[in-house]
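The values are calculated or read from the model by the stated rules, or taken from the named source; none is laboratory data. As the structure is a computational prediction, the values presented were derived from the model and not from experiment. Cβ coordinates were reconstructed from backbone atoms using ideal geometry, including for glycine residues, and neighbour counts include every protein chain displayed. These area figures cover heavy atoms from the full protein model, side chains too; ligands, DNA and RNA do not enter into them. Shrake-Rupley method; radii C 1.70, N 1.55, O 1.52, S 1.80 Å.
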Amino acid sequence: MIIVMASARKEDVDHVVSRVEELGYQAHVIQGVERTVVAAVGDERGKERLTSLEALPYVEQVIRVLKPFKLAGREVKKEDTVVSCASTKIGGTHFGVMAGPCSIESEQQIQETAEAVKAAGATILRGGAFKPRTSPYSFQGLEMEGLRILRRVGKSVQMPVVTEATTPEQVPVVAQYADMIQIGARNMQNYGLLRAVGKAQKPVLLKRGMMCTINEFLMSAEYILSEGNPNVILCERGIRTFETETRNTLDLQAVPVIKLHSHLPIIVDPSHAAGRWDIVIAMACAAVAAGADGILLEVHPDPANALSDGLQSLTFRDSERLVSEMRAIAGAIGRSM
Ligand code: PEP
Ligand code: MN
């Protein structure tokens, strides 16, 4: 249920929050541009009692939320959410470019990449330290050493950094070193991990599971939001289909569909979708045209010798070309980057 306030005075909002909590619900206050709403999340059975809050003079309306996702839905918040990550923003009119290697391999590798992608126009540096690999015999990442390297390099080039946490236990450590915590596709429905990042004080980049529907994707975002972390960025990274020319099939329709249902920013990762570098630029441009709030890209100084995902990684020169082509598309449809 959503309680639309007729007043934004703190004591009125506090009173509604305490009434909602007395009735056994969790109260989430959402401060919109036009109005303040209190979302009451919990057992649907007591909703008749919540409806009676409409009798309060400072409550305009109590509305039943029809969608299964409540906090992630446009019903509770009409305007786009803008997520701040250190000095940058993503969502609304802010377009973000997250770029860097799949895995952090050495300080020199990530330093060179950071300088190149920053010069090309990237706003956030990415790099995996804890890698969720399909085979236990593949390179698993530099782990703690990787986190330390990423933090140092991010600081030296003055870029916020995003990296993945693969278990709930890693969340506090990753939160200490990174400006944003990534939840990988394979963990989109790891509910213990979602709850753990929901309790963290850092924004979360939630990637869509390769066999998950848009509805399941938004329900996973709901787990994070319902733990009290409102800063969630969604990422479409391709889903599994019968096609074998590409690693996954980039579901670009997810971008406008999610924009209809949710106020959360949605970015696109053409690298993991394609699995091959030679179509990444085309799909990044298509993502901009579809209305994405940003892109996530894999870039490597020497893709042929990368320890993971080399086949889909762009060279520095191609990443520069990609950003300039995306800018042209953004300009053509009246968006700025
Ligand atoms: C990654 O970003 O390197 C990664 C492992 O992505 P995904 O979880 O989308 O496969
Ligand atoms: Mn990768």
| field | Cα centroid separation - the range 180-229 against the range 55-101, whole Å | value | 15
| query | Pairs 47/70; 10/89; 67/207; 10/202; 10/67: which are spaced more than 19 Å apart, C-alpha to C-alpha? | reply | 10/89; 67/207; 10/202; 10/67
| request: Quantify, in whole percent, the carbon and sulfur part of the accessible surface of the chain (1.4 Å probe; protein heavy atoms only). | output: 53
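Where Rh is the Kirkwood radius over the Cα pairs of the range 232-310, the temperature 37 °C and the viscosity 0.692 mPa s, what D in µm²/s does Stokes-Einstein return?
Translational D for this selection: 253 µm²/s.
Order the peptides 103-113, 52-62 from the highest to the lowest mean number of other Cβ atoms within 10 Å of their residues. Before the final figure, lay out each step's value.
Details: 103-113: 20.8, 52-62: 14.6.
Result, highest mean first: 103-113, 52-62.
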| request: Please work out how much accessible surface residue 278 shows to a 1.4 Å probe, ignoring ligands, DNA and RNA, in Å² rounded to 10. | output: 80
| note | For the chain, shape from the Cα gyration tensor axes a ≥ b ≥ c, cut at a/c of 1.5 then a/b versus b/c, turns out prolate
| query | FRET efficiency for residue 148 and residue 169, Cβ-Cβ distance as r, R0 = 25 Å, nearest 0.05? | reply | 0.90
| query | When ligands, DNA and RNA are left out and all protein chains stay put, how many square angstrom of accessible area per residue does the chain have with a 1.4 Å probe? | reply | 43
| message | Show me the ranking of peptides 204-212, 304-312 by mean Cβ neighbours inside 10 Å, starting with the highest. | response | 204-212, 304-312
| query | residue 243 versus residue 106, label points 7 Å from Cα toward the beta carbon: distance in nm? | reply | 3.7
| message | I need the semi-axes of the equivalent ellipsoid of the range 41-149: take the C-alpha gyration tensor, multiply each eigenvalue by 5, square-root it, list largest first in whole angstrom. | response | 45, 20, 11
| field | Summed residue charge, Cβ within 9 Å of residue 71's Cβ, Lys/Arg positive, Asp/Glu negative | value | +1
